[in-house]
Structure formats: structure tokens, C-alpha cells
Amino acid sequence: MTSTLGIDFGTSNSAAGICVDGKPHLIPLEGDAQTMPTAVFFDFESKKMLLGVQASDALLNGDEGRYMRGLKSLLGTRLMRESRMLLGERLDFIDIVARFLSEVKTRAEKATGQTFTRALSGRPVRFHSDDETRNAQALVDLTECYERAGFDGVTFLNEPEAAARANRDVLAAGDLGLIVDIGGGTSDFTLFRQRGDVDIDIISSYGVRIGGTDFDRRLSIARVMPQLGMGSPIRHAFGDDTHITPNAIFNDLATWAKIPFLYSADTIRAAKDLQKYAVHEGRLARLVKVLEEELGHDLAFAVEAGKIMANTPGVEKPVIKVGMLKRKAVLPLPAEMMTKKLTGLADQIGDAAEAILTQAKVAPESVNKLIFVGGSSLMQVVEDALTSRLPLAELHRGAALTAIVDGLALGAGDA
């Protein structure tokens, strides 16, 4: 039996698997579910760190503690090594991610009866699109996370290449396929050819730092943050002049990974100062409420749910439910507004697909299969952006949440 565990540590969800009789076997890490939310909750009452659905439930139940999600997006940034006191310990985010990965290891070992000494981990093609220093540091950070988690070693495989391995049977011998993996934090692409025997040829891989959380952020800024005062005029302390509220606090509140850093006395004090001089005082009062009652993640979940609703077939009037701001309040998400606000991001993903073809010197007409994986690949604007650029490719949807870990499980069998 292999001592290597395949791990897909994702921005939004994580999973683990091994190879059994030449096929991927996904290990249930939380109940019977094949994936687990990449979320942690430091419960101040029980003095424990909760993971996955338990972490999200604790947040939504209003338990006293600190919730964190989107930790993968911090890799390569200075925030990864900033420490803070949590449950009586001084921890940095390397420690927090390591404890998450350690628990994945422990649960996988309990479920399989095996001991895993090494990990085969997925990684984006590029953690940071435009910053090579951060991109390199992110891999250093993630390697250290696995070491602190108790693994003797870790090998990395580009996530879309893992998905390509899992989807090789979609192609006939000689076919050319393009994996489009739209995850929570990045969009990754692999161009590959079906060799016709037991393997594939990877031709090229490419990635950009645009993912599902960016779509969430764009929707939050467009629909939710104005309800909290973003863009509102603020009176000067003296005279009748006004200025517009600073954007920084709203941008951070719309960004999953930055929400926990806003619950400080200084930030709340700044929000109250804005409320004091606000022309629309009620809107800024909502901002103060969100910060004081730590409702930032509740809003983020509501936006994510609204996005999913808007991309669910048969739903005619999708909304963002913001009852935490005002009882039974909803914010409509009409299709034309969704298209207007999100097409720009989808086009950047489409441009990245064109870039990999240019990089590989392959004409768009040569691609036989366009294979979508990743939760955010289900969005209509993303599909439109890709199919318009690859008009002759047959569209195939792989396992949205498990294609990468399927490929990593297969790879773990070869390790």
C-alpha cells in the first residue's frame, strides 16, 4: 500500500485520496462527504479549533470565536507569517494551515488504517500571476505547512494536470483537450493530448490569479457594500464640503481572507467616525453593526449563495439574502446586472485560455475537448467566455469538485 496521500488543498474546499486497484479512491474526511470546506473556527468556549462544516456551522450559529476561510490565498504574502494570539497560543497562518492539513492526515489514516508519510499536493500553476517573488514564496510557505503538519516530504503537481489525468478517458486517441479549472482563488489551464495507451502528454500549462472568490468580491462590492455606505458622501467636520467614504474597509470586507482582520477596535472606531459625519447615516450604521457583531462572513456566505442561485437552471429571480442587515431583506441579482459586473473577469479567464494556446502554438480549432472543472466553472459567463474562443471544441464537464483530487489520488499510486 502507498504511503503517499493525495491532497487537494483548495481555497474553498479540500479533499484527499489514494489509488486503489488503479482507480482513485476519495477518502471521506467529514461524514460521507468527499470534500470538506477549507475553513477553521477557533471556538473560544471549547478552546478547540473546528474544521470544515463544523467551522461554518459554529460561525452561523453565532458561537464565540474566530472564523477563517480562503487561507490558501494568503500563501506568499507577508500575512502568512504574522502571528496572533488564538486560544492562548501565538500562531501564524503557517501554523493554522498546518493544523488543518494535519487533521486531514489524521482523518485519512483513521479512515484507511494506513500511515501516510508523504503527500502529493495539488498547486496552482501560478499562485500569483504578476509577482514572481510572491509566487516562489507561496510554494515555500505551502511546503513548510506540510512539514509542520507532520509529513516527511511533499511533492507538488499542477492542479489542472491532475485534472487532466482524471479526465483522460474523455478523449479519444490523438485528441487534444484543454482543462479549464476555475477554483476559488485561481484559474488554471492544461493543454494535453490523449496518447492512446495508459497515459497523456502534457503540452502546456498556464494560470492566472482569478477565481470564484473574485466573482464573489465583485458582486459584493456592486450589490452589498453600497448598503453599508460604500460610495456615500461624508461631511467634513467643519464646513459644508463632503468627500466619498474611503474604499479600503469595504474592499477588505468583500474579500474572504481579509474579513478576520477587520474586527479590531481601531476599525470599528474608524467606522463610527464615518457614521458620525455620514450624509446617509443609516448605511454607515449597518457597517458598524457588521463590524461589531462580526457579520462579515455571514455577508460573504450570502453573496456566494446568491451567485450559486443565479447560476442554477430554473431559478428566475435570484437574490442575495441580507436578513442580517434588515429582517427579510433581499438584493436582486438580475441576469443583465450579473453579466455586466462579471463579464470582465470571465473575459480575463478567456484571454488566459487564448494565452496557453499561443504559448503552445496551437490553433483554437485544433482543440477537440473543452473540459471544465472547479466549482466556479459552472458560471454561465465563464462558459460563454471559453466556448466563444474555442468554437469547435466539444464541451465536457468533469467532476466539478473532485477532478483534481481524483488525479492526485492516481498520482499517489505512482509515488
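Quick one: if you stick a label point 7 Å off each Cα along the C-beta vector at Met324 and Thr387, how many nm between them?
Taking the simple label geometry, Met324 and Thr387 are separated by 3.5 nm.
Can you sort Asp130, Asp214, Asp57 by solvent-accessible area, 1.4 Å probe, largest first? Don't skip to the end; give the middle numbers.
On the way: Asp130 155, Asp214 50, Asp57 75 Å².
I get Asp130, Asp57, Asp214, largest accessible area first.
Got a sec? Which residues in segment 216-245 would a label at Ile308 touch, if it sits 7 Å along Cα→Cβ and we count backbone N under 16 Å?
What the label zone holds, given the 16 Å backbone N cut-off, is 216-217.
My understanding is that a pair violates if its Cα-Cα distance is over 21 Å; which of Lys317/Lys369; Lys307/Lys340; Lys72/Lys105 do that in this structure? Each step should come with its number before you reach the end.
Numbers: Lys317/Lys369 33 Å; Lys307/Lys340 14 Å; Lys72/Lys105 18 Å.
Exceeds cut-off: Lys317/Lys369.
If N is the number of residues in segment 312-356, what value comes out of its Cα radius of gyration divided by 2.2 N^0.38 Å? Spell out each step's value before the answer.
Details: Rg = 15.1 Å, N = 45, 2.2 N^0.38 = 9.3 Å.
Compactness ratio reported: 1.62.
Just the accessible area per residue of segment 172-269, please: how many Å² with a 1.4 Å probe? Don't skip to the end; give the middle numbers.
Working: 3920 Å² over 98 residues.
Each residue of segment 172-269 exposes 40 Å² on average to a 1.4 Å probe.
Could you compute the FRET efficiency for Ile268 and Glu354, with r as their C-beta to C-beta distance and R0 at 51 Å, rounded to 0.05? Mind dumping the intermediate values first?
Numbers: r = 45 Å, r/R0 = 0.89.
With a Förster radius of 51 Å, E is 0.65.
Enumerate the helices in the chain for which the Kyte-Doolittle hydropathy averages -1.0 or more and the C-alpha atoms extend at least 20 Å along the helix's axis, using complete DSSP H runs.
Numbers: long enough: 93-112 (28 Å, 0.14); 132-148 (24 Å, -0.87); 296-310 (21 Å, 0.63); 335-360 (36 Å, 0.13).
Going by DSSP H runs, the hits are 93-112, 132-148, 296-310, 335-360.
Taking Cα centroids, how far is segment 46-93 from segment 99-114 in Å?
Each part's Cα centre sits 19 Å from the other's.
Fully extended, how many nm does the chain gain between Ala248 and Asp199 (0.36 nm per residue separation, minus their Cα-Cα distance)? Walk me through the intermediate numbers first.
Details: separation 49, 0.36 × 49 = 17.64 nm, distance 4.85 nm.
Between Ala248 and Asp199, full extension yields an extra 12.8 nm.
Collect residues whose amide H, placed 1.01 Å from N in the peptide plane, falls under 5 Å from the amide H of Leu5; neighbours closer than 5 in sequence don't count.
Residues meeting the amide H criterion: Arg118, Ala119, Leu120.
Could you order Thr358, Thr117 so the one with the most accessible surface comes first? Probe is 1.4 Å.
My answer, sorted largest first, is Thr358, Thr117.
Return the lysines within reach of Lys289: Cα separation strictly under 23 angstrom, same-chain partners fewer than 8 residues apart disregarded; answer none if there are no such residues.
Lys258, Lys272, Lys276, Lys321, Lys326, Lys328
Does anything in segment 98-142 have its amide N under 13 Å from the 7 Å Cα→Cβ label point of Asp152, and if so which residues?
Only 115-119 fall inside the zone, counting backbone N under 13 Å.
Can you pull out the GluC sites (Glu not before Pro) in segment 272-316 whose DSSP state is coil and whose Cβ has at most 15 other Cβ atoms within 10 Å?
Numbers: sites: Glu281, Glu292, Glu293, Glu294, Glu304, Glu316; in loops: Glu293, Glu294, Glu316.
Here the sparse-neighbourhood loop sites are Glu293, Glu316.
Which of these, Gly88, Gly185, Gly398, has the largest mean-square fluctuation under a Gaussian network model of the chain (Cα springs below 10 Å)?
Result: Gly88 has the largest fluctuation of those listed.
Can you give me the solvent accessible area of Ser83 with a 1.4 Å probe, rounded to the nearest 10 Å²?
So the heavy atoms of Ser83 present about 60 Å² to solvent.
Per residue, what accessible area does segment 1-133 have, given a 1.4 Å probe and all protein chains present, in Å²?
Working: 5820 Å² over 133 residues.
That works out to 44 Å² for each residue.
Using a probe of 1.4 angstrom, how much of the accessible area of the chain is carbon and sulfur, in percent? Show your work: numbers first, answer last.
Working: 8730 of 18130 Å².
C and S fraction of accessible area: 48 percent.
Skipping prolines and chain starts, which residues have an amide H placed within reach, meaning under 5 Å, of the one on Asn13, given they are 5 or more residues away or on another chain?
For Asn13, whose amide H was placed from the backbone, the distant partners under 5 Å are Thr38.
The values are calculated or read from the model by the stated rules, or taken from the named source; none is laboratory data. Note that the structure is predicted; figures quoted are calculated from it, not measured. Here the Cβ is made from the backbone with ideal geometry for all residues, glycine too, and neighbour counts use every protein chain on show. When the accessible area is computed, the model is the full protein with side chains, heavy atoms only, and any ligands, DNA or RNA have been set aside. Shrake-Rupley method; radii C 1.70, N 1.55, O 1.52, S 1.80 Å.
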